[in-house]
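A quick write-up on the structure given underneath.
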Amino acid sequence: MRIEENHFTLKTTINTPFPEDTILKIRDMASFYGNIIENEASHSTSGPKNRIKMSFDIIEHIDEHTSMNLFFSLIGLHNGISIVDVSIEGILRMEIDQSNKFFYSSFHDFYTEKIYPEIRKRTEHKIKKIGGEIEKKVKALEQNK
């Protein structure tokens, strides 16, 4: 069984003369919050158009069943105007193996009623705090063009 709760979302567009540099700055800034797991990094050109795409995650395991996840998707376009579309989600994810039905039933009830609420409370606050810090830093990039 998997439960996912979204506690932070940022979707914004940054006007920037150098989209690739801005994407790398965001990645470097995000690395302060944990190890980056890169999912995609691509750069394509078609005549005067450039498209840069990078997606990566930062995952912090709270315990064997629960993790805090920050998902980043960055798309830079350079085609007369230069922008970076930023999408960031902060998610709390709980997953319990269901292969042992007897164990699952007993453990699931105990974990979701006794342990998970406290983890949720602490982690929700942490996701929102980190999300707010990241949002300020991302928005400051546009002001520092």
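The values are calculated or read from the model by the stated rules, or taken from the named source; none is laboratory data. None of the values given here were measured: they were computed from a predicted structure. Note that we place each Cβ from the backbone using ideal geometry, even for glycine, and neighbour counts take in every protein chain shown.
Taken over the stretch 20-73, the criterion of being of a type in the set (Lys, Arg) and closer than 30 Å to Arg122 by Cα is satisfied by Lys25, Arg27. Could you look through the stretch 1-54, keep only residues that are of a type in the set (S, T, N, Q), under 22 Å from Ile83 (Cβ atoms) and not in a strand (DSSP E or B), and pick out the one that is modelled with the highest pLDDT? Going through the qualifying residues, I end up with Thr22. Assessment of the stretch 55-62 against the conditions (over 23 Å from Leu141 (Cα atoms) and not in a strand (DSSP E or B)) yields at least one matching residue. When Lys128 is tested against (1) surrounded by 13 or more Cβ atoms within 10 Å (Cβ to Cβ); (2) part of a strand (DSSP E or B), just one condition goes unmet, and that condition is (2). The residue pairs whose first member lies in the stretch 74-95 and is touching a residue at least 40 places away in the same chain (Cβ under 8 Å), whose second member is among the basic types (Lys, Arg) and not in a strand (DSSP E or B), and whose beta carbons are closer than 8 Å, counting only pairs six or more residues apart or on different chains, are Leu74/Arg27; Gly90/Lys128; Leu92/Arg120.
Taking the conditions exactly as written (within 30 Å of Ile115 (Cα to Cα), touching a strand residue (DSSP E or B) at 6+ places or on another chain (Cβ under 8 Å), modelled with pLDDT of 95 or more and of a type outside the set (Ser, Thr, Tyr)), does Ile75 satisfy them or not? Spelling it out, it is not the case that Ile75 is within 30 Å of Ile115 (Cα to Cα), touching a strand residue (DSSP E or B) at 6+ places or on another chain (Cβ under 8 Å), modelled with pLDDT of 95 or more and of a type outside the set (Ser, Thr, Tyr).
Do we find a residue being farther than 30 Å from Ser106 by Cβ and either surrounded by 12 or more Cβ atoms within 10 Å (Cβ to Cβ) or free of Cβ contacts under 8 Å to residues at least 24 places away in the same chain (or both) anywhere in the stretch 63-71? Scanning the stretch 63-71, I find at least one residue that is farther than 30 Å from Ser106 by Cβ and either surrounded by 12 or more Cβ atoms within 10 Å (Cβ to Cβ) or free of Cβ contacts under 8 Å to residues at least 24 places away in the same chain (or both), so the answer is yes. Figure legend. Inter-residue proximity from the stretch 28-48: first residues in contact (Cβ under 8 Å) with a residue 24 or more places away in the chain and closer than 18 Å to Gly131 by Cβ, second residues of a type in the set (Gly, Ala, Ser) and surrounded by fewer than 10 Cβ atoms within 10 Å (Cβ to Cβ), beta-carbon distance below 6 Å, spacing 6+ or different chains. No pairs are indicated.
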